[in-house]
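One structure is given below, encoded as structure tokens.
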Amino acid sequence: MTTQMQRWTSGPGRRLRTVMASLLAVSLVLAACGGDAADPETPDDPDAADDPGAAGDADLGDPLVVGQVAEPASLDPHQVTAVNDFRININLYDGLVRYEDDSLGVEPALATDWEISDDGLLYTFALRDDVSFHDGSPFDAEAVKFNFDRMLDEDHPDHDTGPFPLANQFFGQVAEVRAVEDHVVEFELSQPFAPFLSNLAYPTGLLISPAAVEEHGEDVGRNPSGTGPYVFVEWLGNERVTLERNPDYWDGPPGVSGVVFRPITESQTRVTELLSGGVDLIVEVPPDDVAPLRDDSDLTVQEQAGPHVWFLILNLAEAPFDDVRMRQALNYAIDKQSLVDDVLQGTASVAAGPIAEAFGWAYNPDLEPYPYDPERARELIEEAGYGDGVDVTFFVTEGGSGMLDPVPMGEAIQADLREVGIDAAIETYEWNSFLDEVNAGIEGKADMAQMAWMTADPDTLPYLTLRSNAWPEDGGFNSGYYANPEVDALLEAAQVETDQDERARRYHEMQEIVVEDAPWVFVASWKQNAAMSADIQGFEVHPSFLLRLHDVSRS
Amino acid sequence: MRVYALRRIVQVIPVLFGVSLLAFGMMVLIPGDPARAILGSYATPENIATLERQLALDRPLPVQYVTWLGNLLTGDFGRSYSLNRPVLDELTERFAATLLLAGAALLIMLVLGLTAGIIAAVKQHRWQDRVFTVGALVGLSVPSFWLAMIFIVVFSLRLGWFPTSGMRPAFGPSGPMDVLHHLVLPATALALVASGVIARLTRSSMLEVLRQDYVRTATSKGLTRRVVILRHAFRNAIVTVVPVVGVQVGFLLGGAVYIETVFGWPGIGRMLVTAIGTRDILLVQGGVVLVAFTYVLLNLAADLVQAVLDPRIRLQ
């Protein structure tokens, strides 16, 4: 452009015409290109149809195109922390165990069987002996050992290919991994830790090829090799990750030729891409779009309540919420049903207590959510001595992981509280600043704060947010300073107990106490949703919020 | 001329230094840090400490900055925390995408803006003038992201002519035509707003020049109307337009953020917004330095072009 303009000086008239002509030519090309696309016959998936890299068996048709919410950070299962990355990895890799089809319980995957010692310290896994990684290297006990040593042992030669942010969180109790036989591996824990088995099913427990790590070093996240139903083909930055079906998959080959993951951060753009046929399947459909998509006969919408709780942390260290009556009053005063129906348009369900219903065995089915009863709330407030009204400060976030629609939710809650004489002043923060403020404890800053958690097991959330040893100064997330020795004892015991029925009994009891003590306002559990073209078969939204595409096919 | 250009380029260095220090300072001052953003729900102090050690974020801030600066001088932009890859790789890809978008928009803007401006001036007070003047005003007043959404509704959803989002590599299996196909809507949406400014400016500048004596002389010499307008009048009118084109390129690069967001275009603007959200300091630093460098370079280019076009500027 600069050079073209400089050339004008030598012979303006002719040169100018040349420039103008070339500009015109470009705009004609652009126009022609538009005409090109106006062809009436557009394949339902123009984005993938012309991509030879993704084409597999002709009879399986085009690869499935998935609209993701963001560009993946990495495809190394041990480096990533976001569900957006997990959604790809779960299709590339397997773990020793995996979640059952419709719950967060575990079933065999690369391990066929396992034994747990009576003291809960030794886990012995028998491995499949018919599996290879996509790069051809064998899957065996040494490969399992390599995976965990690389994450956990700072002296391991490949530990510097990290970081491994969640290794300590999920596998910090692992003292040693031993390859006992070719296909038998043993984990020794430093202390009993009941969530260990289900943590192995979490995407941080997926297993990568040691040969690939040694070959690619810290860039293995862009050159992944697993054992999963799909094989990595290519990753074009900010445009697509392409996988093709693994014809030799140990659990039967997938029914589509491959999968293309496209990062489309704007939720509205994901919806328009689905409507225009640019993608086959999208996740995290915004609340306002769920109903119209549901009414579209070319599309199907699926929903599934997930392991997620949205709640309000109350500040128990200071008035007015140091009084249990005021906390219960808040639970009565907020119309949760209206929040999930009107603000969230049915994309969440009402939560009864601190453990999400999706956890099945750990959830106490006898719990009833606090009913919406402003009359009862006013009585309690009167009893507590705040009948003349009270001012509180309410921390609200602008957005953030799992926070749903925090600002409209905050405003609706504010309106409900005004009805019962509580005047909540909202202070809004950007997500990372919000976490900084709230995680450090809200004493002296706010009386209530929004929060949401999504976890892989029922243990983590109450353990980190409800114990008296988990106050912010002790490194936990009990930002409202709740303390009840009974709850502490139950949580500690449930964490080390390996018998699931015993664990369930303790969690059920804990939930009853916590709901009565009301250190939070229990509000909602998010429903994961996905919308897809009607010809996609065999896809189920999983409670883990992962995206398992092994059984997907086109009709 | 060469000395002038060289001096201007050397002046860029302290600007970039200041910009990078400012970006670093702001990223450090705002609450939240990369380790916390990566860990999300699991940001326990233990996990944060371990991760900060692995990311070398536990060192004193001045050491971090100086290390970054030292590496930068050897062409090493560091490694992005949130993307797990070299910052330079990410910057190159993203900036190429933005340049493609802004470059296409620039072409459309020049064609539309200059043509409309010239015609409006030549046909002053006639219907062509009215149409282009009103059109330019409308173009100026419409926000580009709104126009982008209207484009998607009309041209993608209703007519199905263009894809609604995404970008394909120009040299990939899908070929350059496919890139153009994806480029039409975002580039046009971005360009229309900017064309309004160019059209109005070209019109007023042309009107002024057309009234001058030498133009009348040229016409009375018997030159054709086309030669008078394009060679004699336009050549002089463009001198006032060029610096504004420089500014408009900045506007195109900056305004690309909205367009990139609406169309899912993988440009550098969107990358910066995301990187700030995830507190990815090195990525923000690298991006800011690159964008600042481009701005300075573009302004320099506009000044040089003007100097070439107008000998009076060169002589001063």
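Which value, in Å² and to the nearest 10, is the accessible area of A:Asp219 when all protein chains are kept and the probe is 1.4 Å?
About 60 Å², ignoring ligands and nucleic acids.
Build a GNM of chain B with springs between Cα atoms under 10 Å: which of B:Gly246, B:Gly32, B:Gly117 gets the top mean-square fluctuation?
It is B:Gly32.
Under a Cβ-Cβ cut-off of 13 Å, what is the net charge of the residues other than B:Ser205 that fall near it, where Lys and Arg count +1 and Asp and Glu count -1?
Result for the neighbourhood of B:Ser205: +2.
Give the distance, in whole Å, between the Cα centre of the range A:80-112 and the Cα centre of the range B:1-60.
35
So what does the Cα-only Debye profile of the range A:55-101 read at q = 0.16, 0.25, 0.30 Å⁻¹, as log10 I(q)/I(0), no solvent term?
-0.60, -0.97, -1.09
So what are chain B's ellipsoid semi-axes, whole angstrom, largest first, if each one is the square root of 5 times an eigenvalue of the alpha-carbon gyration tensor?
Over the Cα atoms of chain B, the semi-axes work out to 44, 26, 15 Å.
Using the Cα centre of chain A as the reference point, and only Cβ charges (+1 on K/R, -1 on D/E), how large is the resulting charge dipole? Debye, rounded to the nearest 20.
2200
How many Å² of accessible area per residue for the range B:111-230, probe 1.4 Å?
Heavy-atom accessible area per residue stands at 50 Å².
Within 10 Å of each Cβ in peptide B:299-308, how many partner chain Cβ atoms are there on average? Round it to a whole number, please.
3
Ignoring everything but the protein chains, give the 1.4 Å probe accessible area of B:Ile38 in square angstrom, nearest 10.
Its heavy atoms expose roughly 30 Å² to the probe.
Using modelled amide H (1.01 Å from N, peptide plane; none on Pro or chain starts), what sits under 5 Å from the amide H of A:Val180, excluding residues fewer than 5 places away?
Correct list: A:Val185, A:Glu186.
Consider all pairwise Cα distances in the range B:50-163 and report the whole-number % of them above 24 Å.
58
Using the Cβ atoms and a cut-off under 10 Å, what net charge is assigned to the surroundings of A:Gly385, where Lys and Arg are +1 and Asp and Glu are -1?
Once positives and negatives cancel, what remains is -3.
Quick one: net charge of A:Leu75's neighbours, Cβ under 14 Å, K/R +1, D/E -1?
Here the charged neighbours net out to -3.
Just tell me which lysines come within less than 24 Å, Cα to Cα, of A:Lys336; anything on the same chain fewer than 8 places away is out.
Qualifying lysines at Cα under 24 Å: A:Lys527.
Which of the peptides A:430-438, A:372-380 is most tightly packed, and how do the rest follow, going by the mean number of other Cβ atoms within 10 Å of each residue?
Sorting A:430-438, A:372-380 by mean packing, highest first, produces A:430-438, A:372-380.
Ordered by residue, what ³J(HN,Hα) values in Hz, to whole numbers, does the range B:219-225 give under the Karplus form 6.51 cos²θ - 1.76 cosθ + 1.60, where θ = phi - 60° and Gly and Pro are x?
5, 6, 5, x, 5, 5, 4
Ignoring ligands, DNA and RNA, what percent of the accessible area of the range B:87-315 is carbon or sulfur (1.4 Å)?
69
Residue-wise, which Karplus ³J(HN,Hα) couplings in Hz belong to the range A:289-301, taking 6.51 cos²θ - 1.76 cosθ + 1.60, θ = phi - 60°, and x for glycine or proline?
9, 5, 4, x, 5, 5, 7, 7, 6, 7, 10, 10, 10
Which ³J(HN,Hα) values in Hz, rounded to whole numbers, follow from the phi angles of the range B:296-309 under the Karplus curve 6.51 cos²θ - 1.76 cosθ + 1.60, where θ = phi - 60° and Gly and Pro get x?
4, 5, 5, 4, 4, 4, 4, 4, 5, 4, 5, 5, 5, 6
Computed on protein heavy atoms with a 1.4 Å probe, what is the summed buried accessible area for the chain pair B and A, in Å² to the nearest 100?
5800
Rounded to whole Å and sorted largest first, what semi-axes of the equivalent ellipsoid does the C-alpha gyration tensor of the range A:356-482 yield via the square root of 5 times each eigenvalue?
25, 20, 16
Rounded to two decimal places and with Rh computed the Kirkwood way over Cα pairs, what is Rg over Rh for the range A:129-251?
Expressed as Rg/Rh, it is 0.97.
Per-residue accessible area for A:Trp310 at 1.4 Å probe radius, Å² rounded to 10?
Spelled out: A:Trp310, probe radius 1.4 Å, area about 0 Å².
Based on DSSP, what percent of beta bridges with both residues in the protein assembly as shown are antiparallel, to the nearest 5?
That works out to approximately 75 percent antiparallel.
Roughly how far apart, in whole Å, are the Cα centres of the range A:321-338 and the range B:257-271?
43
For chain B, what does -39500 (n - 2.57) per DSSP helix run (n ≥ 4), summed and divided by total residues, give at 222 nm, in deg cm²/dmol to the nearest 500?
It lands at -25000 deg cm²/dmol.
Per the Debye formula with a single identical scatterer at each Cα and no solvent contribution, what log10 I(q)/I(0) holds for the range A:203-323 at q = 0.20, 0.21 Å⁻¹?
-1.23, -1.26
Can you compute the equivalent ellipsoid semi-axes for the range B:1-61, i.e. the square root of 5 times each eigenvalue of the Cα gyration tensor, sorted largest first and rounded to whole Å?
39, 11, 9
Rg to Rh ratio, chain A, alpha-carbon atoms and Kirkwood radius?
1.04
If the reach is capped at under 13 angstrom between alpha carbons, list the aspartates and glutamates near B:Lys221, excluding any in the same chain fewer than eight residues apart.
Partners within reach: B:Asp213.
I'd like the distance between the alpha-carbon centres of the range A:206-240 and the range A:345-402, rounded to an integer number of Å.
Centre-to-centre (Cα) distance: 44 Å.
Got a sec? Charge dipole of chain A, +1 on Cβ for Lys and Arg, -1 for Asp and Glu; which of A:Thr465, A:Gly67, A:Ala194 is way out at the positive end?
A:Gly67
The values are calculated or read from the model by the stated rules, or taken from the named source; none is laboratory data. Every value quoted in this text rests on a predicted model; they were computed, and no experiment measured them. No Cβ is skipped: glycine too gets one built from the backbone with ideal geometry, and neighbour counts run over all protein chains shown. We work out accessible area using only protein heavy atoms, side chains counted, and drop any ligands, DNA or RNA first. Shrake-Rupley method; radii C 1.70, N 1.55, O 1.52, S 1.80 Å.
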